[in-house]
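J.: Structure in structure tokens, see below.
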Amino acid sequence: MEDYFVLPFTLGAITLFAILLVKYGLWIAKLSHRDKLRIVQSFLTRRTFAAIKDSIMEGLLHRSVFKRNVLLGYMHMSLAFGWFLLIVVGHIEVVVRYGSLVAPPWEVIFFPYFHHETFPGEPFMTNLMDFLLLFVLSGVLLAYFKRINSKIFGIKKTTKLKPGDRFALISLWGIFPFRLLAEGATAALYGNGGFLTNSVGHFFTWINVTPVMESVLWWAYSISLGVFFVCMPFSRYMHIFTEILFIFLRHYGIKLKKDFNSYSRIQVYSCSRCGICIDVCQMHVANISNNQSVYILKNIRDQNLTDRKLYNCLLCGRCENVCPVGINLNDLRISQRIKATKEFNSNYEFL
């Protein structure tokens, strides 16, 4: 079959949601009985609506990041909210085409490949999807520039990426440019597309695009999606879904305990490693690095936190005040200090 290219996306999506289901299921199962009771009692209350509102404002629109820097906020919003809208509007496009709410997920993701004919509302829907794709691509372009010069985004120092994060980042950066090229190739072959993809299609017409070239580009798009989905649970991008879970639990009144528990782990995995906390850290100003909160949370995730890094902090709370996710950074560090060795609990050499 010529549409085997949907397999990388499909397998990646199945892998992602299976891992998330297991992780989140275990974390919630390990919450205390009282915390579980809070969730049940709060679910059908105004707290849920408040959590939904916060999830939109912070998880999709990135309100707190906008307050830090407009350009940085727009970059995050265009990627998160733009991608979300592409999925929602893409599903509406499928509903309009088929007249049914039920459709395979790959029909939404690869709609232009499977459907070349016109249908009622098709010009409007196609141009709207092109506009949303352009919106997301503007965020991708800004993400490229941020890696070159982060100061224009209000950040002096970006976080150091481990190989897994770098691999996930490269696959993320490739998703939407490949989508644009794939849709442009299809537009060239079938004479369709919106204002953006049709313009790219004119270029492909000029170079005499073939069905094989079109297929290669759809494969590249699907592989980028699949690779990113598989990498997500093991990279910094785990925060995309975990942050939403954290927001709901926070609204339900769940708080950190003295001991490091599953709710603590949810907060750790909610960190996006944006690096905003680095600039305000007085240790960083003193050229003492690798002990800022973003790196401590990374060390907790990787299970390689040392006592020296853990204690090399004055607990001033500056990082916690600027954290766009609202993570209780001081409490998390203190809960780790309780577990630390007696050597560091009984001396102040780190000062």
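The values are calculated or read from the model by the stated rules, or taken from the named source; none is laboratory data. Just so it is clear, the model here is predicted, and its values are computed rather than measured. Please note: Cβ atoms are built from the backbone with ideal geometry, for glycine as well, and neighbour counts cover all protein chains shown. Note: accessible area is taken over every heavy atom of the protein model, side chains too, but ligands, DNA and RNA are not part of it. Shrake-Rupley method; radii C 1.70, N 1.55, O 1.52, S 1.80 Å.
J.: Looking only at region 139-157, which residues are of a type outside the set (A, V, I, L, M) and surrounded by fewer than 16 Cβ atoms within 10 Å (Cβ to Cβ)?
T.: Let us first name the residues in region 139-157 that are of a type outside the set (A, V, I, L, M), namely 139, 144-147, 149-151, 153-154, 156-157.
Listed by number, the residues that qualify are 144, 145, 147, 149, 151, 154, 156, 157.
J.: What are the pairs, 6+ residues apart or on separate chains, where a residue within region 153-167 that is more than 22 Å from residue 64 (Cα to Cα) and in a helix (DSSP H, G or I) has its Cβ under 6 Å from a residue that is at pLDDT 80 or above and of a type in the set (Ser, Thr, Tyr)?
T.: 164/235; 165/235
J.: Considering only region 116-125, I want to know if a residue exists there that is open to solvent by 20 Å² or more (accessible area, probe 1.4 Å), modelled with pLDDT under 90 and in contact with a Lys or Arg (Cβ under 7 Å, 6 or more places away or on another chain).
T.: Yes, that holds for at least one residue.
J.: Looking at region 124-140, which of its residues are out of contact with any helix residue (DSSP H, G or I) (no Cβ under 7 Å at 6 or more places or on another chain) and touching a residue at least 40 places away in the same chain (Cβ under 8 Å)? If you could, list the steps in order and put the result at the bottom.
T.: Residues of region 124-140 out of contact with any helix residue (DSSP H, G or I) (no Cβ under 7 Å at 6 or more places or on another chain): 124, 126-127, 131, 134.
Correct list: 126, 127, 131, 134.
J.: Out of the residues in region 312-324 that are within 14 Å of residue 295 (Cβ to Cβ) and at pLDDT below 90, which is surrounded by the fewest Cβ atoms within 10 Å (Cβ to Cβ)?
T.: The selected residue is 312.
J.: Look at residue 152 and say whether it is closer than 21 Å to residue 82 by Cβ, at pLDDT below 95 and more than 19 Å from the chain's Cα centre (by Cα). Lay out the reasoning, then the answer.
T.: Working: closer than 21 Å to residue 82 by Cβ: yes; at pLDDT below 95: yes; more than 19 Å from the chain's Cα centre (by Cα): yes.
Yes: the conditions hold for residue 152.
J.: In the list 135, 110, which residue meets the criterion of being at pLDDT 90 or above and open to solvent by 30 Å² or more (accessible area, probe 1.4 Å)? Break it down stepwise before answering.
T.: On the way: 110 fails: open to solvent by 30 Å² or more (accessible area, probe 1.4 Å).
Step by step, each of 135, 110 is checked, and only 135 is at pLDDT 90 or above and open to solvent by 30 Å² or more (accessible area, probe 1.4 Å).
J.: Please specify each residue of region 1-41 satisfying the condition of being touching a residue at least 24 places away in the same chain (Cβ under 8 Å) and among the basic types (Lys, Arg).
T.: 23, 30, 38
J.: Please name all residue pairs, on different chains or six or more residues apart, with Cβ atoms under 7 Å, provided the first residue is in region 183-203 and is touching a residue at least 40 places away in the same chain (Cβ under 8 Å) and on the phi > 0 side of the Ramachandran plot and the second residue is charged (D, E, K, R) and buried (at least 21 other Cβ atoms within 10 Å of the Cβ).
T.: Close Cβ pairs satisfying both conditions: 193/183.
J.: Let me ask you something else. Here is a check on your reading of the model: is residue 246 in contact (Cβ under 8 Å) with a residue 12 or more places away in the chain and under 27 Å from residue 44 (Cβ atoms)? Outline the logic, then answer.
T.: On the way: in contact (Cβ under 8 Å) with a residue 12 or more places away in the chain: yes; under 27 Å from residue 44 (Cβ atoms): yes.
The answer is yes for residue 246.
J.: Mind checking which residues of region 249-302 are open to solvent by less than 40 Å² (accessible area, probe 1.4 Å), under 28 Å from residue 156 (Cα atoms), touching a residue at least 24 places away in the same chain (Cβ under 8 Å) and not in a helix (DSSP H, G or I)?
T.: Listed by number, the residues that qualify are 270, 271, 272, 273, 274, 275, 281, 292.
J.: If you don't mind, there's one more thing I want to ask. Answer yes if at least one residue in region 168-177 is small (Gly, Ala, Ser), crowded, with 17+ Cβ neighbours inside 10 Å and not in a helix (DSSP H, G or I), and no otherwise.
T.: Initial filter on region 168-177 (small (Gly, Ala, Ser)): 168, 171, 174.
Imposing the further condition that a residue be crowded, with 17+ Cβ neighbours inside 10 Å reduces the set to 168, 171, 174.
Filter again for not in a helix (DSSP H, G or I), leaving none.
Within region 168-177 (the criterion being small (Gly, Ala, Ser), crowded, with 17+ Cβ neighbours inside 10 Å and not in a helix (DSSP H, G or I)), the answer is no, since none of the residues qualifies.
J.: Would you be able to say whether some residue in region 170-178 is over 30 Å from residue 201 (Cα atoms), touching a residue at least 40 places away in the same chain (Cβ under 8 Å) and not small (Gly, Ala, Ser)?
T.: Within region 170-178, the subset over 30 Å from residue 201 (Cα atoms) is none.
Scanning region 170-178 turns up no residue that is over 30 Å from residue 201 (Cα atoms), touching a residue at least 40 places away in the same chain (Cβ under 8 Å) and not small (Gly, Ala, Ser).
J.: Restricting attention to region 196-207, which residues are assigned to a helix (DSSP H, G or I) and open to solvent by 10 Å² or more (accessible area, probe 1.4 Å)?
T.: Residues of region 196-207 that are assigned to a helix (DSSP H, G or I), as a first pass: 197-206.
Answer for region 196-207, where residues must be assigned to a helix (DSSP H, G or I) and open to solvent by 10 Å² or more (accessible area, probe 1.4 Å): 198, 199, 200, 202, 203, 204, 205, 206.
J.: If we scan region 327-334, do we find a residue that is at pLDDT 90 or above, in a loop (DSSP other than H, G, I, E, B) and not basic (Lys, Arg)?
T.: yes
J.: Would a scan of region 184-195 turn up a residue that is in contact with a helix residue (DSSP H, G or I) (Cβ under 6 Å, 6 or more places away or on another chain), over 21 Å from residue 107 (Cβ atoms) and either buried (at least 19 other Cβ atoms within 10 Å of the Cβ) or among the polar types (S, T, N, Q) (or both)?
T.: yes
J.: Quickly run through region 107-150 and pick out the residues that are under 20 Å from residue 198 (Cβ atoms) and not in a helix (DSSP H, G or I).
T.: Within region 107-150, 110, 115, 116, 117, 118, 119, 120, 121 meet the criteria.
J.: Take the residues in region 30-42 that are open to solvent by 60 Å² or more (accessible area, probe 1.4 Å) and within 27 Å of the chain's Cα centre (by Cα); name whichever of them is nearest to residue 259 (Cα to Cα).
T.: Start the filter on region 30-42 by keeping residues that are open to solvent by 60 Å² or more (accessible area, probe 1.4 Å), which leaves 30, 33-34, 36-38, 40-41.
Imposing the further condition that a residue be within 27 Å of the chain's Cα centre (by Cα) reduces the set to 30, 36.
Numbers: 30: 13, 36: 17 Å.
Filtering first and then ranking leaves 30.
J.: Within region 84-105, how many residues turn out to be part of a helix (DSSP H, G or I) and without any contact (Cβ under 8 Å) to a residue 60 or more places away in the chain? Give the derivation first.
T.: Of all residues in region 84-105, those part of a helix (DSSP H, G or I) come to 84-98, 105.
Now narrow it down to the ones that are without any contact (Cβ under 8 Å) to a residue 60 or more places away in the chain: 84-98.
Of the residues in region 84-105, 15 are part of a helix (DSSP H, G or I) and without any contact (Cβ under 8 Å) to a residue 60 or more places away in the chain.
J.: Looking at (1) more than 18 Å from the chain's Cα centre (by Cα); (2) at pLDDT 85 or above; (3) farther than 28 Å from residue 146 by Cα; (4) open to solvent by 30 Å² or more (accessible area, probe 1.4 Å), which one does residue 307 not meet, given that it meets all the others?
T.: The failed condition is (2).
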